[in-house]
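Below: one structure, written as structure tokens.
Rule-based calculations on the coordinates, nothing more; no lab input. Worth saying up front: this structure is predicted, and the values here are computed from it rather than measured. Ideal geometry is used to build each Cβ from the backbone, glycine not excepted, and the neighbour counts take in all protein chains shown.
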Amino acid sequence: MSSLQKQFDVLVVGGGPAGIAAAISASECGARVGVVDDNFALGGQIWRGEHAKSDSKASAWLQRVNATAIEFVPGVRIIDQPKANVLRGEGPSGCIDILYRKLILATGARERFLPFPGWTLQNVMGAGALQALVKGGLPIRGKRVVVAGTGPLLLAVAAYLHKAGAKVLLICEQASRTSLARLGARLLIHRGKLAQALSLRKDLAGVRSLTGAWPIAAEGNGVLRSVVISHRGSTEMVDCDYLACGFHLVPNTELASLLGCRVQDGRVYVDHFQRTSRANIFCAGEPTGVGGVELAVVEGQVAGLAAVGQEDRAMKLFRPRRKLRRFAQALDRTFALRPELRQVTQPQTIVCRCEDVTYKQITQHRSWRAAKLQTRCGMGPCQGRVCGPAAEFLLGWTPDSVRPPVFPTLLSTISEMPPPETGVVESVAMRGQQ
Amino acid sequence: MSEQISVLVNGAPCIVAKGTTAAVAMLIAGAECRASVTSEPRGPLCGMGICFECRAEIDGIAHRRSCQIVCESGMEIRTDV
């Protein structure tokens with residue numbers, strides 16, 4: 001027996017915009033709803049911390065949660081499905097089993113990273129990552145920052161850092177000016193998004209910004225000192241304190257895979273009612289394809305309503321969802337990675353940061369599986385969440401099947417015993433390096 | 001000014017604002033989070049509990065994702081183990 005059990009009509013995994021919208025929609029129909037998240041507060045990445053308070057939509061949704069009987073289970077990471085209709089998690093008080101009738105997966109997305117020389121230096125990190133750290137108390141005032149990579153997140157992060165007092169020296173977007181202009185034209189039919197884009201532009205007035213530019217190296221001795229940018233065939237070195245660099249987002253599909261839901265082209269397959277290929281399991285938001293917060297909220301509402309048998313109400317959201325999905329497809333096209341980016345990874349560049357496996361070592365093998373078996377790439381604590389999408393872009397390799405636990409887990413959790421009070425606790429996935 | 005608390009990073013006191021994460025406390029203290037398997041110094045990469053680069057020993061428990069943990073007064077963070 002595990003130490004703790006909970007039971008819900010509808011269990012939502014992930015407390016970001018999709019999960020919150022799903023939980024509220026189901027709860028307002030009278031279902032007993034639980035939301036589990038590995039963070040200690042609701043909001044996910046985008047509605048995190050003080051940012052949520054200044055965002056009227058976010059605070060409206062978060063307040064609506066308080067008016068319901070939704071139970072939030074914080075700080076719990078789902079690791080396994082011990083049997084049908086039960087998820088097992090690891091949290092502050094150890095192992096927890098959560099029983100459900102309907103399950104809604106709203107596991108969000110993570111940044112895509114590309115390995116380039118120096119990307120393992122300290123202070124080279126994701127764009128969203130630097131924003132999250134600043135929200136987590138990192139003093140940024142007066143620090144020199146380069147924001148690079150691709151995707152709508154770059155401008156949002158740059159604006160946030162600029163406002164927080166950082167010296168944003170340069171924004172490098174790998175997409176071309178032409179494809180960005182095409183997206184800009186599309187914004188005319190999405191007035192809300194157009195207003196957002198214009199407001200970001202205004203916030204970033206005076207900040208130098210390049211399109212068709214990307215980092216090819218970071219330099220420094222242990223800690224970042226400068227970044228080398230490639231732009232129109234020439235290179236430029238910029239001294240900075242932080243490089244915030246992310247190449248758009250990758251859906252988190254690991255839990256869906258573990259549960260046997262069909263995943264195709266890196267996304268969880270869903271039907272009109274956000275139902276996955278497995279009975280009683282729904283999916284909403286970024287895991288079904290990266291589309292941003294508005295789409296995540298609508299998909300969450302559809303999933304929440306469908307999960308409690310309110311299909312007719314869910315259908316009313318199909319139209320707005322269709323419009324937002326078309327915009328998401330335009331984003332995918334605009335921020336598709338250009339083939340030249342494959343050349344930034346050098347033979348000696350570390351691809352797998354957990355096990356320090358270089359690109360040269362990986363390319364001795366024919367598949368992700370063979371490379372894993374022979375080099376341990378993708379076998380460390382992150383279980384390929386960072387290097388997997390990179391290898392997919394660089395070599396066209398698709399990830400393997402997912403096995404439990406989907407995250408490194410304390411042995412005490414696995415053996416279903418209460419965690420020890422003190423002492424050394426070893427993680428199963430980390431034994432190889434001790 | 002928000003309330004300040006004191007934590008220990010590798011035994012040395014480090015003053016941080018309330019609400020600061022353990023990963024940020026390490027950055028403020030100038031400590032690398034971990035040494036990689038080939039002894040490279042590493043710091044946070046994803047900031048959201050995915051990459052495990054910021055893992056450290058916190059209050060005696062090894063391999064904790066420090067970006068997901070908020071500092072508490074007297075918290076002991078060790079990166080030198």
Q. Can you give the % of DSSP beta bridges in chain A that are antiparallel, to the nearest 5?
A. 45
Q) Taking amide H positions as placed 1.01 Å from N in the peptide plane, with prolines and chain starts having none, which residues 5 or more places from B:G19, or on another chain, fall under 5 Å of its amide H? A) B:C71
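Pull out the extension gain between A:E340 and A:R325, defined as 0.36 nm times the separation in residues minus the alpha carbon to alpha carbon distance; nm, one decimal.
Extending this stretch completely gives an extra 2.6 nm.
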(Q) Explain nothing, just compute: Karplus ³J(HN,Hα) = 6.51 cos²θ - 1.76 cosθ + 1.60, θ = phi - 60°, for every residue of region A:333-343 in order, whole Hz, x for Gly and Pro. (A) 5, 4, 9, 4, 6, 6, x, 4, 5, 5, 7
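So what's region A:113-247 giving for Rg/Rh, alpha carbon basis, Kirkwood Rh from the mean inverse pair distance?
With Rg and the Kirkwood Rh in hand, the quotient comes to 0.97.
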Q) Excluding same-chain residues fewer than 8 positions from A:K193, which aspartates and glutamates have a Cα within less than 13 Å of its Cα? A) A:E294
Q: Using Cα positions and a limit of under 23 Å, work out the lysines in reach of A:K102, with same-chain residues fewer than 8 apart set aside.
A: A:K6, A:K83, A:K316
(Q) Quick one: 3J(HN,Hα) in Hz for region B:24-36, Karplus 6.51/-1.76/1.60 with θ = phi - 60°, rounded, Gly and Pro as x. (A) 5, 4, 5, 5, 5, 6, x, 9, 6, 5, 7, 9, 6
Q: Please work out the C-alpha center-to-center distance from region A:100-125 to region A:266-345 and express it in whole Å.
A: 18
Q) Non-local amide H neighbours of A:A217 (under 5 Å, H modeled in plane, Pro and chain starts lacking H): which ones? A) A:V228
Q: With the Cα gyration tensor of region B:14-79 in hand, convert its eigenvalues to equivalent ellipsoid semi-axes via √(5λ) and list them largest first in whole Å.
A: 18, 12, 11
Q) If you build the Cα gyration tensor of region A:1-112 and take the root of 5 times each eigenvalue, what three semi-axes come out, in whole angstrom, biggest first? A) 23, 16, 12
Q | Label-point separation, A:S401 to B:E3 (7 Å along Cα→Cβ), nm | A | 5.1
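Taking every pair of alpha-carbon atoms in chain A, give the share separated by more than 42 Å as a whole percent.
13
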Q: Pop a pseudo-label 7 angstrom from the Cα along the beta-carbon direction at both A:S209 and A:V228 and give the gap in nm to one decimal.
A: 2.8
Q: Would you kindly state how much longer the chain becomes between A:L4 and A:R141 on full extension, computed as 0.36 nm times their sequence separation minus their alpha carbon distance, in nm to one decimal?
A: 44.9 nm
Q.
Using DSSP to call loops (not H, G, I, E or B), can you name the trypsin sites (Lys or Arg not before Pro) in region A:257-310 whose Cβ has at most 16 other Cβ atoms within 10 angstrom?
A. A:R262, A:R278
Q: State the cysteines of chain A left without a partner when partners are defined as other cysteines whose beta carbon lies under 4.7 Å away.
A: A:C29, A:C95, A:C172, A:C240, A:C245, A:C261, A:C283, A:C354, A:C382
